[in-house]
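Colleague: One structure, pasted below without further comment.
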Amino acid sequence: MGGISGGTGTSAYQRGVYQQPTALGQAVGAAGTIATGLGSLGFTPFASDVDLKENIKKIGELEPGVGWYTWDWNDKGKALGAESEPAEGVLAQEVLEVKPDAVIVQDGYYAVDYSKVM
């Protein structure tokens with residue numbers, strides 16, 4: 001009978017153990033799903049300018065040069081209604097360096113089209 005030679009003798013189709021994705025993995029996956037769905041609806045990019053945020057903490061990295069952060073919206077961000085947007089994601093100034101086509105200016109601040117980043 002044919003088979004795979006060598007290895008541990010276990011089947012290549014042996015049931016594996018499910019491992020829960022990390023919080024970062026879940027957040028990136030959710031943000032990607034949201035960004036893709038909203039982008040297909042012509043949704044306006046998310047406000048991502050560092051001038052609208054405070055208490056910024058890097059929690060991961062999407063790719064070299066594009067970090068994943070959490071933050072609190074500052075008073076300028078709140079005045080623009082950014083509180084209705086997620087308080088985690090990318091920083092527009094970083095994305096501008098790596099993928100300038102994903103960044104626009106909106107209400108005088110940078111915003112990111114997440115469908116071009118994810």
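None of the figures in this text is laboratory data; all of them are computed from the coordinates on show. Bear in mind that the values here come from a model prediction, so they are computed numbers and not experimental data. With ideal geometry, Cβ positions are generated from the backbone for all residues, glycine too; neighbour counts draw on all protein chains shown.
Colleague: Say each of S84 and D107 gets a label point 7 Å from the Cα, pointing the same way as Cα to Cβ; how far apart are those two points in nm?
Modeller: Once both label points are built, they end up 0.9 nm from each other.
Colleague: By its C-alpha gyration tensor, with a ≥ b ≥ c as the square roots of the eigenvalues, how is region 45-116 shaped: rounded for a/c under 1.5, else prolate for a/b larger than b/c, else oblate? Display every interim value, and only then the final one.
Modeller: Values: a/c = 1.97, a/b = 1.24, b/c = 1.59.
It comes out oblate by the Cα gyration axes.
Colleague: Also: Under a plain spin-label model, where a point goes 7 Å from the Cα along Cα-to-Cβ, how far apart in nm are T70 and K116?
Modeller: Simple spin-label model gives 2.9 nm for this pair.
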